[in-house]
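Data block below; observations after.
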Amino acid sequence: MELLNVALFMFSTIWVGPFWMLMLVEPFSDRTNKWLEGNLLFIGPLAVWLFATILNPNGLIDLFIGNPADFFDTMVALLGTETGTVLAWAHFVAGDIMATRWMWRKAVENEIGVNRLRIIVFFGVMLMPVGLLLHVLLNRK
């Protein structure tokens with residue numbers, strides 16, 4: 001099961017890579033705009049999350065049927081497993097790419113300049129809290 005979980009973990013990361021690279025390298029191109037138009041960028045991480053859940057539903061089931069007072073302990077136990085790590089990572093990757101796409105769009109709309117846009121996009125995927133802070137500070141005309 002470990003090899004499958006590693007593969008799922010890597011797949012969710014590799015899936016968003018081309019979208020992220022387009023925002024970073026060609027932020028104003030028609031190709032980037034076209035690729036980021038729809039919701040294709042979310043399919044990879046969502047598929048990984050669903051597949052991992054189907055393969056090992058016990059962790060999520062325990063969250064919902066367990067004692068509400070033990071929710072935090074159950075969450076810690078779930079995230080400490082291989083499947084829990086894959087679930088959390090797919091969740092992070094989907095959220096990061098969604099927020100980064102939004103920040104990229106706002107930066108393009110506001111015509112803030114390529115260097116500031118690239119800094120925001122880079123940190124949007126690599127370290128989201130920093131990316132959001134930079135978005136707030138730099139994404140102004």
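The values are calculated or read from the model by the stated rules, or taken from the named source; none is laboratory data. Just so you know, these numbers come straight off a predicted model, no measurement behind them. Neighbour counts run over all protein chains shown; Cβ positions are idealised from the backbone, glycine included.
Scan segment 71-91 for residues that are aromatic (Phe, Trp, Tyr) and touching a residue at least 24 places away in the same chain (Cβ under 8 Å) and the total you get is 1. The number of residues in segment 12-22 being buried (at least 17 other Cβ atoms within 10 Å of the Cβ) and within 13 Å of the chain's Cα centre (by Cα) comes to 6. Of the helices (runs of 4 or more DSSP H) lying entirely inside segment 65-141, those containing at least 1 residues that are touching a Ser or Thr at 6+ places or on another chain (Cβ under 9 Å), buried (at least 16 other Cβ atoms within 10 Å of the Cβ) and at negative phi span 82-110, 114-126, 128-138.
Of everything in segment 46-64 that is farther than 29 Å from Arg101 by Cβ and modelled with pLDDT of 80 or more, the residue that is surrounded by the most Cβ atoms within 10 Å (Cβ to Cβ) is Asn56.
Which of the residues belonging to segment 1-40 are charged (D, E, K, R) and assigned to a helix (DSSP H, G or I)? Across segment 1-40, the qualifying residues are Glu2, Asp30, Arg31, Lys34. Figure legend. Inter-residue proximity from segment 96-115: first residues closer than 16 Å to Ser12 by Cβ and in contact (Cβ under 8 Å) with a residue 24 or more places away in the chain, second residues among the basic types (Lys, Arg) and loosely packed, with under 13 Cβ neighbours inside 10 Å, beta-carbon distance below 7 Å, spacing 6+ or different chains. No pairs are indicated.
Given the condition exposed (fewer than 15 other Cβ atoms within 10 Å of the Cβ) and at pLDDT below 95, answer yes or no: does some residue in segment 23-38 qualify? Yes: segment 23-38 contains one or more residues that are exposed (fewer than 15 other Cβ atoms within 10 Å of the Cβ) and at pLDDT below 95. Residues of segment 66-112 that are among the β-branched types (Val, Ile, Thr) and over 19 Å from the mean Cα position of the chain (by Cα): Thr74, Val76, Thr81, Val108, Ile112.
State yes or no: is Ile43 under 20 Å from Trp102 (Cβ atoms) and either in contact (Cβ under 8 Å) with a residue 40 or more places away in the chain or part of a helix (DSSP H, G or I) (or both)? Against the criterion (under 20 Å from Trp102 (Cβ atoms) and either in contact (Cβ under 8 Å) with a residue 40 or more places away in the chain or part of a helix (DSSP H, G or I) (or both)), Ile43 qualifies.
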